[in-house]
Amino acid sequence: MSECNYLYGNYCAEKRVTVLSQMLDFCGIEKDRLRARWVSSAEAPEFVEEINEFIDVLKPLGPSPLKKQTSKDVA
Amino acid sequence: MNMNDLILYEEPRIGVFVCDCGSNIAGHLDCADVAEYAKTLPNVVYVKENLYTCSEAGIVEIKKAIKGQNLNRVVVASCSPRTHQPLFSSSCAEAGLNPYLFEMVNIRDQCSWVHMGKRDDATQKAKELIRMGVAKSAGLEPQEEIESSLVRKVLVMGGGIAGLSAAQALADMGLDIMLVEKTSNFGGLLQQVHQLDTGGSARALLSKIIDDVQSRSNITCYTKAIVKETGGYIGNFEIKIDTQNGLIKDKVGCIVVATGAVPLIPKGLFGYDGETVISLMELEQKLKKDDLTARRIVFIQCAGARTKEREYCSRICCMIGVKNAMIVKEKYPLIDVRILYRDMQMYGTHKEQMLWDARGKGIQFDVYNPDNPPEVKEGKVSFFQSITGKIIDLDTDLVVLSTPLVPRSDAPAVANMMRVPTDQNGFFLEAHAKLRPLDFAADGIFVCGSGRYPATSTEARTQGLGVASRVAAILFKDKLVKSAIVAKINPESCVGCKACLTMCPYEAITYNRDKRICEINEILCKGCGNCAATCPSHSAQLCGYKPEQLLAQIGAA
Amino acid sequence: MIDIVRQKISKLLSDGSVKGVVALAMANGHVAPCLFQKEDDLEPLCLGDTKKPGDARYPLNKVLITIARQYPEDVFGVLVRGCDERGLYVLYRLNQLEPDKVMTIGIACPQELAKACECKKPYPDELVAGEKTEGITQQGVQDMEDMDLSKRFSFWKNQFSKCVKCYGCRDICPMCFCRECSLECEDIISKGELPVDIPVFHLTRAMHMTDRCIDCGLCDETCPSGIPLRLLYKKTSKIMNAEFGFTSGINKNEQSPLNLMGPAPEK
Amino acid sequence: MDYRNTLTTCTYCGCGCNLFLESLDGKLTHTTPCKTSPVNEGKLCIKGWNVHQFVQSEKRLNKPLLRKDGKLTEVSWDEALDFTVSKLKEIKEANGSDSVGFFASAKVTNEENYLMQKFARAAIGTNSVDHCARL
């Protein structure tokens, strides 16, 4: 965590993600759909592993419940 | 309105260059198919696949296309932006296109490398990445680079071998140096060392360098002096030094941090008492004074290193242990020398050879297990020898503990003053381990020697020279030209809430009392975007990464 | 209670400690924000109670900002309830008002209003009139959390789709002072379309409220579609409190964890 | 220092929402819905929330414009009205009463709208009258 190129950027991001994920949950959207992890550009295997794991989490959740919304109801 | 602004009113004409990177990219995905796809994207008027886009021929292609096809945006889909973006964007500039109208898509590290063996998927992802890059590029705006003046003077903090070497090399180039040493003598840790791993005497090496440094007219030496304050920014740092003759204020263009590290004193470890159980550095002293009376010596490696409190490997202690063992054995062949180790860290061919030579000289090596560490009792070291499965008792009259180098106790204060980061062990953290090993993330501040990580004298010296070349690359330019990827605050919409101010890690933002808005110092700004993320009214925006540009990119995903 | 308030305002005006006092006035049967500048003009002063206590509250801090931006050198008084005072603290933090240019006339809310608001602290630190009543636990957020996920989803989807994008929640909000608003940024919020982007529109605003909302409830009152916005923002406050130990407007020298570099503070 | 809130009625549609126009030293600064109004009970729509803006808009016409040589030019009310009268007469004579239509605004009062339709029916003789106040 302390290795951010921009010193504290990731800490700042983490705080916001903490709030947002709980707000999503409050609004009925699975908070697992949002994820923040820190992987350096030199850690390709970790990145791949992370993404694969994320996919494994996302697949059972299915498409976003908001996706069906695209056809707008007429006001 | 200048030429640059006119581009904003033109329809985007985007050129896309897809790089095979030999087989690095083309070996794992279908570049021709990707290139065909790129042709179908909005505003793309020209697409070219190259074997190596970064080659002379590839660059010529880009330049030719900018002129011939009247391109006003260029997208290169290839490797790491970190290494190649400067080349491509400057090539665009040479062809008359503002370099900030260039966008890079990473289809190597982020695509071919991570999806090896999945050709179809990798091809599909490359298409998607390019679609995103193209979407972002359409909204790119030309930027003017920022220029500022340079003070051709360098502050070197620390008079050890790294700092001395940096000062020497910088002086050779004709720059003015202020060399600041905290103690009363130059030489740092090397003053305690007996003989170098390369064979020569540490004292001889040091006195040669120190004499040379002290004789230079363009190096001002300060001993018993401490850098009190640093402010300003690259090219124009303002510093205050507390010297024996009072406080000195000056301006320098760059700062070199060569504050070194200290050997761990192994209090409480393996019965350390400073007499029969001593540290490696104390052995160096004994060798220097030639007062070695022991007949059976046991070295214990990793004493206080790679433990819970100190997880890192200090890297040089294996080599120093072996070096000293060999010095002992050469001088007193009858002394029985044993080295108990966990793993031998003898990097490089020279040191690997040392290990073989040491064995040849009759030095015995034994592995110990950290879960079952050697025990030091009076006149005896017992350890579990895994190969025989037995507890071995070694009679000994001197135990030498190879302890790691640890960060100086004042390192956090230095880090805080200069606003540079340290790693989890407390050593100074460079901007990038591979790509910018001697730079700090903050421009104009550099690091060398053991303050960064335990280094041998040869390495510290090399790093000192390396730092000198990094500094020279900045200070020998006519003026400082800085990337225009910085944040800007719209004075019209800023409400002066100061939220960005507290979020700027580089202290680049100030509050203007009269106008009641926040303002950015573009030289100090590193373009991290913290302010842009914080600003409630998106008045702070990062050039080249504005919401509309990023959202276009996300929208295309 | 109103007489004590009137006396206090009268005193502040007569001894010259303030240039004017922002409070509420009753005229022709309607309550409106008002700037009282003369001690003998205080007859129409009211506290915003008509049919029920506090049913005609207005964002007086917002009025104060408007006036203070024009007259930055002058000191003004302002009538505050617990929430308004919290709002002042947030506005000091965000540099929109200067603490030494503001004098408060604090009134406590009656139990009935505190209950209706589920207000945690229905009185200001500096109290001039009224009796402190106890804070109310925020059952509404808890009830929502107790629902299962899909129920919550359909609840909010239904609520958000009622939105007519009047921006009233923002316009009435005493904590919204930006000249340009992210909710009008076309890249985030599509322009001229209804229903609004669910849940982007309301969550964007909620995220902007995380370290600011002082739970005054004016948004709820002004929403023509009756969306329980306050509940949404109460949740952000709850998260901020649970995660970072932060409550916006709790004290004069507060710092928002979201505007501090580095990791989240120890709880 | 002149701060005031003026109670008025929204001009955008026929609902008649009550709102306060907040002004500081003669300049409109905000619109605030009136909580004590039985019509809108402290709520407004997006148009109502922004009524203070159009009043002071720089784009708002303060004088009539007449197209002369293809360009819109400021003219006096007399000139504008004379021109309108002559044109209306001309059209009516050439193509009949029903060739003219009248479009009224919700931003004016009922009385003014009444006059408008009266003028359309009595003076011009057409029933083609419409308005935007039908929200």
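For a quick check of your reading: which strands (runs of 3 or more DSSP E) sit entirely within the stretch B:252-355 and have at least 3 residues that are farther than 17 Å from residue B:396 by Cα?
Ranges flagged: B:254-257, B:261-263.
Of everything in the stretch D:38-69, what is open to solvent by less than 100 Å² (accessible area, probe 1.4 Å), at pLDDT below 90, not in a helix (DSSP H, G or I) and not hydroxyl-bearing (Ser, Thr, Tyr)? Give them in sequence order.
Answer for the stretch D:38-69, where residues must be open to solvent by less than 100 Å² (accessible area, probe 1.4 Å), at pLDDT below 90, not in a helix (DSSP H, G or I) and not hydroxyl-bearing (Ser, Thr, Tyr): just D:56.
Return the total of residues in the stretch B:94-138 being open to solvent by less than 50 Å² (accessible area, probe 1.4 Å), among the hydrophobic types (A, V, I, L, M, F, W, C) and either closer than 18 Å to residue B:66 by Cβ or not in a helix (DSSP H, G or I) (or both).
Of the residues in that region, 10 qualify.
Just the residues that are among the aromatic types (Phe, Trp, Tyr), open to solvent by less than 20 Å² (accessible area, probe 1.4 Å) and under 30 Å from residue C:64 (Cα atoms), please, taken from the stretch C:137-183.
C:177
Tell me, please, whether a residue that is open to solvent by less than 20 Å² (accessible area, probe 1.4 Å) and free of Cβ contacts under 8 Å to residues at least 60 places away in the same chain can be found in the stretch B:32-43.
There is at least one residue in the stretch B:32-43 that is open to solvent by less than 20 Å² (accessible area, probe 1.4 Å) and free of Cβ contacts under 8 Å to residues at least 60 places away in the same chain.
Output the helices (runs of 4 or more DSSP H) that fall wholly within the stretch C:1-99 and possess 2 or more residues being over 25 Å from residue C:112 (Cβ atoms), over 15 Å from the mean Cα position of the chain (by Cα) and more than 13 Å from chain D (Cβ to nearest Cβ), or say none. Let's see the steps before the verdict.
Details: elements: C:2-14, C:60-70, C:82-93.
Correct list: C:2-14.
Here is a list: A:48, A:19. Which entry is β-branched (Val, Ile, Thr), facing another protein chain (nearest Cβ under 9 Å) and open to solvent by less than 30 Å² (accessible area, probe 1.4 Å)?
A:19
Scan (1) surrounded by fewer than 17 Cβ atoms within 10 Å (Cβ to Cβ); (2) away from chain B (no Cβ under 14 Å); (3) of a type in the set (D, E, K, R) for the single condition residue C:191 breaks and write down its number.
(2)
Determine if the stretch D:25-37 includes at least one residue that is outside any loop (DSSP other than H, G, I, E, B) and loosely packed, with under 14 Cβ neighbours inside 10 Å. Give the steps one after another, and end with the answer.
Start the filter on the stretch D:25-37 by keeping residues that are outside any loop (DSSP other than H, G, I, E, B), which leaves D:27-33.
Remaining after also requiring loosely packed, with under 14 Cβ neighbours inside 10 Å: D:27.
Looking through the stretch D:25-37, at least one residue is outside any loop (DSSP other than H, G, I, E, B) and loosely packed, with under 14 Cβ neighbours inside 10 Å.
If you check B:170, B:206, B:190, B:179, which single one turns out to be open to solvent by less than 40 Å² (accessible area, probe 1.4 Å), over 27 Å from residue B:319 (Cα atoms), outside any strand (DSSP E or B) and of a type outside the set (D, E, K, R)? Step through it out loud before you land on a result.
Working: B:206 fails: over 27 Å from residue B:319 (Cα atoms); B:190 fails: over 27 Å from residue B:319 (Cα atoms); B:179 fails: outside any strand (DSSP E or B).
One residue alone meets the criteria, B:170.
Name the single residue that is nearest to residue B:378 (Cα to Cα) among those in the stretch B:388-408 being touching a residue at least 40 places away in the same chain (Cβ under 8 Å) and among the polar types (S, T, N, Q).
B:396
Can you tell me how many residues within the stretch A:31-73 are more than 21 Å from residue C:152 (Cα to Cα), at pLDDT 80 or above and among the small types (Gly, Ala, Ser)?
The number of residues fulfilling the criteria is 1.
Is at least one residue of the stretch B:426-445 within 14 Å of another protein chain (Cβ to nearest Cβ), free of Cβ contacts under 8 Å to residues at least 40 places away in the same chain, outside any loop (DSSP other than H, G, I, E, B) and closer than 26 Å to residue C:257 by Cβ?
Checked against the condition, which is being within 14 Å of another protein chain (Cβ to nearest Cβ), free of Cβ contacts under 8 Å to residues at least 40 places away in the same chain, outside any loop (DSSP other than H, G, I, E, B) and closer than 26 Å to residue C:257 by Cβ, the stretch B:426-445 yields no hits at all.
Tell me yes or no: at least one residue of the stretch B:174-186 is in contact (Cβ under 8 Å) with a residue 60 or more places away in the chain and within 30 Å of residue B:330 (Cβ to Cβ).
no
Spot the failing condition for residue B:416; the list is (1) within 14 Å of chain A (Cβ to nearest Cβ); (2) open to solvent by 50 Å² or more (accessible area, probe 1.4 Å); (3) under 23 Å from residue B:316 (Cα atoms); (4) not hydroxyl-bearing (Ser, Thr, Tyr), and only one is missed.
Here residue B:416 clears every test but (3).
The values are calculated or read from the model by the stated rules, or taken from the named source; none is laboratory data. Just so we're clear, the structure is a prediction, and the values are computed from it rather than from any experiment. Positions of Cβ are backbone-derived with ideal geometry, glycine not excepted, and every protein chain shown enters the neighbour counts. Calculation scope for accessible area: heavy atoms of the full protein, side chains included, ligands and nucleic acids excluded. Shrake-Rupley method; radii C 1.70, N 1.55, O 1.52, S 1.80 Å.
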